[in-house]
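Notes follow the structure.
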2 protein chains.
Amino acid sequence: MMQTPLNLYSIYDYSQHMYPTKWIVTRTATGTHRHQYRDFGQRVRQLSQALRHLGVQPGDRVGTLAWNDYRHLEIYFAVPLSGSVLHTINLRLPVEHVRYIINHAQDRVLFVDETLLPLLAPIKNELSSVQHVIVLGDHPDVSQSPVQPALAYEELLHNFTGDVEYDANLSEESLLGLCYTSATTGNPKGVAYSHRGIVLHSLAMGLANTTALAESDTVLPVVPMFHANAWGLPFAAVWFGANIVLPGAAPTPRDLVQLMAEEAVTVAAGVPTVWLGVARELSQHPVELSLRMALCGGSAAPPALIQTFEETFHVPFAHAYGMTETSPLATFSRLKSALAERPAAERLAIRATQGLLVPGLSMRLVRDGIDVPWDGVSMGELWLRGPWVADEYYHGDGGGDHFEKGWLKTGDVATIDPEGYVRLVDRTKDLVKSGGEWISSVDLENTLMAHDAVFEAAVVGVTHPKWDERPLAFVVFKEGKTATPEELKAHLSQAFPKWWLPDAIIVVDEIPKTSVGKFMKRALRDQYHDYLMPQNDGAPT
Amino acid sequence: MMQTPLNLYSIYDYSQHMYPTKWIVTRTATGTHRHQYRDFGQRVRQLSQALRHLGVQPGDRVGTLAWNDYRHLEIYFAVPLSGSVLHTINLRLPVEHVRYIINHAQDRVLFVDETLLPLLAPIKNELSSVQHVIVLGDHPDVSQSPVQPALAYEELLHNFTGDVEYDANLSEESLLGLCYTSATTGNPKGVAYSHRGIVLHSLAMGLANTTALAESDTVLPVVPMFHANAWGLPFAAVWFGANIVLPGAAPTPRDLVQLMAEEAVTVAAGVPTVWLGVARELSQHPVELSLRMALCGGSAAPPALIQTFEETFHVPFAHAYGMTETSPLATFSRLKSALAERPAAERLAIRATQGLLVPGLSMRLVRDGIDVPWDGVSMGELWLRGPWVADEYYHGDGGGDHFEKGWLKTGDVATIDPEGYVRLVDRTKDLVKSGGEWISSVDLENTLMAHDAVFEAAVVGVTHPKWDERPLAFVVFKEGKTATPEELKAHLSQAFPKWWLPDAIIVVDEIPKTSVGKFMKRALRDQYHDYLMPQNDGAPT
């Protein structure tokens, strides 16, 4: 067979030939911007030519600080098609992390949305690799860029004809992109995507067994293009000829619902908070949608949300799971045909799992170095392997304990049932290890939060003289409601064996949270570390 | 990203983990045989172990002379999983070709259905590479094998536990299979499939944009497993977890319809003659079918057949195109969503084309070394390129004019319309080249055969003193009907410019045909070579 490489050129070239008249629609400050694939392709070529003119070489990193819009999509293609590396920068990171990753990546050019130029101000003197800033906007004032020289994107494009020759044989092992994970401790870690990985990941997204992206779709990636390539949707949608709808800067739920309705969106993708907002908006202002799939990832959606979409809005709700290190699609929750006859509650429970492994990948469930059975009960760390799974971090910085014998250790604790459905139960670091057994802090929290009186609950493992660790629960009551620890334990007993029950349930006014609203379990663990030790007087340390 | 190879092990391993309870159903002489994927997987391992025991080494070729049944499917996996090469032999070839290809491939083991043992008799002393014959059947009499030593498949399996370790890292470039094209002149040419090519081809078959093979399907490959891997269906169906229905030896249309109905087949695949037979059977004995797709390839289906399936039987009919050299899927006819509103006749005309290029491949339309426009009118030879397209024939024998600058020259003349739909108009060798212009013999034939009086028509190009070549038409009238050459020319004039019209229309009793029923145009060309030359007296030479 021919040795033709799996590279972005094959996607771009195919798409330009097969789907020149499909649409790319962007929500802007004043309305919508629309252009067709053929115009997109022309501008991509102009941009590639401009980048060469600016001295960008194959292998050079090119950063973006941008929203989901048509210019960002053009950069998505123009940079890798030239052999350089698309480095999407998470604009929500702390500024010191933004500085760190631009320097770590050694970005030579930065594309920055005009609204995001202020992000560069505090670090403007510390970006030694950056030779050009290109400002995205209709008529941006480039003098406002804290980093100079700065050029306006549209003016730059205007100077080039697009007469550029791409290398159809660009090696499939060459780097296409770079994305840093947001780190809670230490520096962000870079994940480098190869052309081969992105092509295979795109194929996986076109499978009828998974997201089934197709020419008949209109795809709305709400997930930011600075998060794991917007889950790979831009590449797959362009390849398979879908119309693409981009929500622009900071869309509200109302903006999203309006876009979905007006553009007849069939597939939209976002994290649970996006879907919670959309659900609220749809309840208040019902509209007819064309959605064939509400694609949800990033973290687990509450079963009630899934149910609302499916039963109230009649929109199929699909859970997916992955991480920056897995490009990201790793599992996708689709009901096997043999399970379609199960009772509604059981079907919902299956749909609420992270789903089935995507074809092309392999997985293991490992505990203490040994594979645990796929019985739906045994917990293990989920390990992943495959051609769109990272085997190291960029420049090898931060690998540590994340890779072993050719597998990615996800840090997620899961069960896998005999049908293959993966259910995440915890992060390895949050798991409570009691007398050699594992207790899922997340399962206890969810059940506590299902109690009528409980607003929030967090469970952490703390040191215990006999069992190594035992669970401690922290609860915040709903306003005007309360329950005794005994009542809460009785509630938990209905779902869990006795040895799972927390040794203490501590009522607090508030559970400490991170800047993105996640429970700061490490703080609780540190504070209550000795709570169950014999010398402890009952007060937090 | 990880360097995990694209090999059959990743398909097998995934399928065994995700879909152990899906079914493989085979029509047998006495009823149906059924087993689940997990049993299939166990027997595959036993067979791999047996092959090792027989001394089969990685890279060795293993031949099959077999029908579409569960044992053949087991061989499909057991041989490549061990690193050896699955060589499927077309049992309809002339015996001297069977001999040639077994010797050319140097098959070390031959799997032969008990009903096909007689095929070996005339060549039994000429198969020096063959060390073992393994006879497929429930209780075959192995002493009947003309080639010895011969073993019974089931007895062989019975001796092994299946405790075999596969190499998950088997190189993706290593050979998986081998299939010889049927040659009309010269020796058959071998096409070698790599693991990489088959994995990518399988992904292409799972795409929502193409055949969309999925877990919810029940797939019936009527196309023989000795023809281009039954169009790749066995590999894709197993990977994506479809139920598989295998029709066994020489099924009649009635057998096929019965299987489709009883097993709730959703996708069946065969050549036009299969579908003509099925259509006749369905008209005579209407049954409710679950088919979501009648997949048709091998040669072009008449538009009337497509219409019958879609309008009378309400079964979507899908044209595909490819060849042994392209694994085989190269194009697939699906209506783009923007074309769904076109008038019925126009939609039918689109569905009757060979369709759109499959994602992952590239195509060109070339005439005299130059690309011709995709305007739906200009004709050129179709050139193909991609990771599941052959770049040479096995051992380099027979390449000749088939490959150029990294492209496969298909030998098919086509037009491509602006939407990308490929329409085959002729074989390069059958095209009439008149005064530098190309005339499609196939288009003239089809239009002649659409005339009420015409039963069959063939058009060939013969030498002409002024125009190099001019078309000659040969017609056979339907019983009791007739028409004058002038009437036929008038009929043709409605569809074609004057210079396309045949210089003569010759009434014959019969058009010479090959053993598989194709017009033997070469014979007509040879016989009428000088028909239009000045010295010609009007009689065939």
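Computed values, structure above
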{"read-out": "Debye intensity ratio I(q)/I(0), log10, region A:425-509, q values 0.11, 0.18 Å⁻¹ (C-alpha model)", "value": "-0.26, -0.69"}
{"read-out": "Packing-based ranking, highest mean first, of B:425-436, A:282-293 given that Cβ atoms within 10 Å are counted", "value": "B:425-436, A:282-293"}
{"read-out": "Derived scalar couplings ³J(HN,Hα) [region A:42-52; Karplus, 6.51 cos²θ - 1.76 cosθ + 1.60; whole Hz; x for Gly, Pro]", "value": "4, 5, 4, 5, 4, 5, 4, 4, 4, 5, 4"}
{"read-out": "Region A:457-515 versus region B:470-540: alpha-carbon centroid distance in Å", "value": "90 Å"}
{"read-out": "Student exercise, region B:171-266 dipole from Lys, Arg, Asp, Glu Cβ charges, in Debye to nearest 20", "value": "320 debye"}
{"read-out": "Residues B:PHE111, B:PHE403, A:PHE474, sorted so that the one with the fewest Cβ neighbours within 10 Å comes first", "value": "B:PHE403, A:PHE474, B:PHE111"}
{"read-out": "Charge sum, other residues only, whose C-beta stays under 9 Å from B:ALA249's C-beta, Lys/Arg counted +1 and Asp/Glu -1", "value": "-1"}
{"read-out": "Lys pairs, region A:430-527 - Cα-Cα below 25 angstrom, 8 or more residues apart or on other chains", "value": "23"}
{"read-out": "Cβ-placed point charges (K, R +1; D, E -1), dipole of region A:430-527 about Cα centre in debye, nearest 20", "value": "200 debye"}
{"read-out": "In Å, descending, principal axis extents of the Cα set of region A:21-146", "value": "43, 34, 24"}
{"read-out": "Relative contact order (percent, whole number), region A:151-296, Cα cutoff 8 Å, 6+ residue spacing", "value": "17 percent"}
{"read-out": "Taking region B:480-539 and dividing mean pair separation by its residue count, relative contact order in percent (alpha carbons under 8 Å, at least six apart)", "value": "16 percent"}
{"read-out": "Surrounding net charge for B:ASN446, when Lys and Arg each add one and Asp and Glu each subtract one, Cβ distance under 15 Å", "value": "-2"}
{"read-out": "J(HN,Hα) series, region B:240-257, from Karplus relation 6.51 cos²θ - 1.76 cosθ + 1.60, nearest Hz, glycine and proline x", "value": "8, x, 6, 6, 10, 10, 10, x, x, 6, 6, x, 7, x, 5, 4, 5, 4"}
{"read-out": "Packing-based order for B:219-226, B:349-356, A:343-350, using average beta carbon neighbours within 10 Å, highest first", "value": "B:219-226, B:349-356, A:343-350"}
{"read-out": "Neighbour net charge for B:SER84 - beta-carbon separation under 11 angstrom, K R +1, D E -1", "value": "+1"}
{"read-out": "Positive-end residue of A:PRO534, A:ALA450, A:THR482, charge dipole of region A:434-541 with Cβ unit charges", "value": "A:ALA450"}
{"read-out": "Amide H contacts of A:ILE506 (H built 1.01 Å from N, under 5 Å, at least 5 apart or other chain)", "value": "A:ALA473, A:PHE474, A:VAL475"}
{"read-out": "Exposure proxy order (Cβ contacts within 10 Å, fewest to most) of B:LEU424, A:LEU233", "value": "B:LEU424, A:LEU233"}
{"read-out": "Contour minus Cα-Cα distance for A:ILE506 and A:ALA304 (0.36 nm per residue)", "value": "70.0 nm"}
{"read-out": "Å³ per residue enclosed by the Cα convex hull of region B:283-372", "value": "150 Å³"}
{"read-out": "Estimated FRET transfer efficiency when R0 is 35 angstrom, pair A:GLN3-B:SER129 (beta carbons, to 0.05)", "value": "0.75"}
{"read-out": "Projected-area mean, the protein assembly as shown, by convex hull of Cα positions, square nanometres", "value": "48.7 nm²"}
{"read-out": "Charged-residue dipole, Cβ positions (Lys, Arg, Asp, Glu), chain B about Cα centre, Debye nearest 20", "value": "240 debye"}
{"read-out": "Kirkwood Rh, Cα atoms: Rg over Rh of chain B", "value": "0.98"}
{"read-out": "Stretchable slack from B:GLN57 to B:ALA121, in nm (0.36 nm times residue separation minus alpha-carbon distance)", "value": "20.3 nm"}
{"read-out": "Theoretical gain in end-to-end length, B:LYS513 to B:MET533 [0.36 nm per residue, Cα-Cα removed]", "value": "4.6 nm"}
{"read-out": "Kirkwood Rh, Cα atoms: Rg over Rh of region B:426-468", "value": "1.04"}
{"read-out": "Estimated FRET transfer efficiency (A:THR28, A:GLN148; beta-carbon r; R0 22 Å; 0.05)", "value": "0.25"}
{"read-out": "Tilt relative to chain A, helix A:195-206 - C-alpha long axis, 0 to 90 degrees, to 10", "value": "70 degrees"}
{"read-out": "Cα gyration tensor category, rounded, prolate or oblate, for region B:120-233 with a/c compared to 1.5", "value": "prolate"}
{"read-out": "Neighbour-count order for A:GLU263, B:GLU165, A:GLU126, B:GLU172, fewest beta carbons within 10 angstrom listed first", "value": "B:GLU165, A:GLU126, A:GLU263, B:GLU172"}
{"read-out": "Spatial separation of Cα centroids for region A:338-378 and region B:247-272, in angstrom", "value": "34 Å"}
{"read-out": "Computed FRET value (nearest 0.05) for A:ASP375 with B:ALA338, which takes r as the C-beta separation and R₀ as 56 Å", "value": "0.70"}
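Only the coordinates and a few stated rules stand behind these numbers; no lab work does. Worth saying up front: this structure is predicted, and the values here are computed from it rather than measured. When we count neighbours, we look across all protein chains shown, and the Cβ atoms used for this are built from the backbone with ideal geometry, even at glycine.
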